[in-house]
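First comes the structure, then the notes that go with it.
The values are calculated or read from the model by the stated rules, or taken from the named source; none is laboratory data. Keep in mind that what you see is a predicted model, and the values were worked out from it rather than measured. Here the Cβ is made from the backbone with ideal geometry for all residues, glycine too, and neighbour counts use every protein chain on show.
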Amino acid sequence: MRNTLTIAGREIRTYFTSPLAYVVIGVFLALSGYIFWSSLWRFSELCLQFGANPMYRQQLNVNDMVIRPMFGSMGFIFLMLIPLVTMRLLAEEKKNGTSELLFTCPVTSAEVVLGKYLGGAMLLVVMLGVTLSYPLLIMGSGSSPDLKQALVGYLGVLLMGLSFLGVGLLISSLTENQIVAAVGAFGALLMLWVLSWVADSATVTLATILDRVSLGLWERAGLGLGGATLGDLLNRVSLLEHFQDFRKGVLDSGHVIFYLSFTFFALFLTQRVVESRRWR
Amino acid sequence: MIEVSSITKLYGGRPAVRDVSFSVRKGEVLGFLGPNGAGKTTTMRILTGFVPPTSGSVQVGGLDILEQPIEVKRKIGYLPEHPPLYREMLVRPFLSFVAAIRGVPRRQIRARVDRAIERCGLTSVSGRLIGLLSKGYQQRVGLAQALLHDPEVLILDEPTVGLDPSQIREIRDLIKGFAGEHTVILSTHILAEVTMTCQRVMIINEGRIAAEDTLAGLAARGERTRRVALRLARPPAGVETDLRGIPGVLGVTRDGTDAGAYIVESDGAADPREAIAARAVQGGWGLLELRSLSLSLEEIFIRIVRGESA
């Protein structure tokens, strides 16, 4: 544990002594800030126009119109920025030969992977922490957002960001080249993100696919062709789909467990990759 | 202290180290000598647990490197060929970081870092960015990094590469200072370095141990034939034939372009110097110089690497 924290601490110091952390945080704040400000502006316009009308007043909800789109955009910005956070974590270590230092020290590869991951996670927390000022701004302006919903939204963004970090770290362990690590992580994340786009039209059931693959044996064995469709499966795996409930302010432990186990699986694979590369 | 039994390492089917066995006693300084690409670095990486051997085993202080890697790594200080440095860090924080992951107790870190900085002559640069240091200073930071936890075993891969002559001397003195207390294995392709720092030498070539001996033992290998340098003021015509007549002499050759300088090669068992001197005085050749030439380590090395019997 001490080793993990030492490695994480060095990682954080490195982020903040290089321009990388400031650029990533700055870009994130500029983009999410602009999106927040523009939706807030539109909301106040609408309030001025229709606020007097009790019929419309019901529909003017600051949570639905400002906070929810803010989380959606944060998720999308993470998709593009997190590969830049993770690209150097293990790739740079290999390129500079400092992995030879780490792996001849009395630390396990799991401690190294976890330390690197925590370093990235700290940056993520700082990035999100600054945006906590957005809901506070709304409160300061006199309107009363549902804070519980906002917190659930934050939890969702954090969990999604953490799973992105896991994927990024895994890709970074596969290469020595930081650009390759960044592009690879972006591609992998985008793929996991858009998986659910075809879900609605993928109505073929999984049982049918298995039947085809097994040349009809599946049906002959009386296992049936009904049940879940391919679209259901894609929805389950998509990193985006699990985020939707958080955005609405609904806390479902199933989604929390999905993100956590997804992250754990990515870290586990990373540790296996790091370990296996030594044996070549 | 270190027990290596028949380790082999294949990189994609190509052997980098083939069936290497040796042992090092506590407090000994062992030199790895070999041409580039002979397998020195791979052997050291196996000893430090950075790469596992394809077959064979390594024990350090009675512990197996594959079975108890963490305990073994605690005993070892390692300076790789390219010093592993985080270029964006300052010298002192970097050393503190390494001390922490090398398992130095938190309270002792400061004192250990101070001591390593002092020992490696880094006091003047301790607050500077590692990436901006000269190659020599970076090498010293690499060495300081290996010493921090006061390891029982020090493994140094070409520790004096990139240093200027006075720095090389300092580092060699430092290494000599470790003998007795620490067990040191260092690799080099500079022969003088071995003569100056090591008690025992291992010559590695094409992944195998070509020779393993003490310095004196290696020098003695050259003694199977003896060579004598001879310089005469007034060499008469036919002096070479004359010299060949001396019992034990195998051959006489001119030494360079100098008139009167000869190399006399003789059987290792017989010393022809006395007879040569007597003959020279008798004939009034004007004996200026008569000295025995021992094979230099360099020549022995080249002979061994080429596979000739020394």
Q. Taking into account only those residues within region B:246-275 that are out of contact with any helix residue (DSSP H, G or I) (no Cβ under 7 Å at 6 or more places or on another chain) and among the aliphatic types (A, V, I, L, M), which is modelled with the lowest pLDDT?
A. B:269
Q) Since residue B:51 meets every condition but one in (1) over 30 Å from residue B:302 (Cβ atoms); (2) within 11 Å of chain A (Cβ to nearest Cβ); (3) outside any strand (DSSP E or B), which condition does it not meet? A) (1)
Q) Consider residue B:104 against the criteria (1) closer than 22 Å to residue A:3 by Cβ; (2) facing chain A (nearest Cβ under 10 Å): it satisfies all of them except one. Which criterion is unmet? A) (2)
Q: Select from region B:55-99 the residues that are of a type in the set (A, V, I, L, M, F, W, C), within 8 Å of chain A (Cβ to nearest Cβ) and either surrounded by fewer than 23 Cβ atoms within 10 Å (Cβ to Cβ) or more than 25 Å from residue A:95 (Cα to Cα) (or both) and list them in ascending order.
A: B:70, B:85, B:89, B:97
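For every residue, the table says whether it meets (1) modelled with pLDDT of 90 or more; (2) more than 18 Å from residue A:276 (Cα to Cα); (3) crowded, with 17+ Cβ neighbours inside 10 Å; (4) more than 14 Å from chain B (Cβ to nearest Cβ).
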{"residue": "A:91", "(1), (2), (3), (4)": "yes, no, yes, yes"}
{"residue": "A:111", "(1), (2), (3), (4)": "yes, no, yes, no"}
{"residue": "A:121", "(1), (2), (3), (4)": "yes, yes, yes, yes"}
{"residue": "A:140", "(1), (2), (3), (4)": "no, yes, no, yes"}
{"residue": "A:147", "(1), (2), (3), (4)": "no, yes, no, yes"}
{"residue": "A:154", "(1), (2), (3), (4)": "yes, yes, yes, yes"}
{"residue": "A:157", "(1), (2), (3), (4)": "yes, yes, yes, yes"}
{"residue": "A:189", "(1), (2), (3), (4)": "yes, yes, yes, yes"}
{"residue": "A:199", "(1), (2), (3), (4)": "no, yes, yes, yes"}
Q) Can you name every residue in region A:170-213 that is assigned to a helix (DSSP H, G or I) and of a type in the set (D, E, K, R)? A) A:211, A:212
Q.
For region A:1-50, give me the residue count where each residue is in a helix (DSSP H, G or I) and either more than 14 Å from chain B (Cβ to nearest Cβ) or surrounded by fewer than 13 Cβ atoms within 10 Å (Cβ to Cβ) (or both).
A. 31
Q. Out of (1) assigned to a helix (DSSP H, G or I); (2) more than 13 Å from the chain's Cα centre (by Cα), the odd one out for residue A:105 is which?
A. (1)
(Q) Could you go through region B:109-120 and let me know if any residue there is within 22 Å of residue A:1 (Cα to Cα), surrounded by 17 or more Cβ atoms within 10 Å (Cβ to Cβ), within 13 Å of another protein chain (Cβ to nearest Cβ) and touching a Gly at 6+ places or on another chain (Cβ under 6 Å). (A) no
**Q.** Answer from B:161, B:141 - the residue that is more than 10 Å from chain A (Cβ to nearest Cβ) and either in contact with an Asp or Glu (Cβ under 8 Å, 6 or more places away or on another chain) or of a type in the set (Ser, Thr, Tyr) (or both)
**A.** B:161
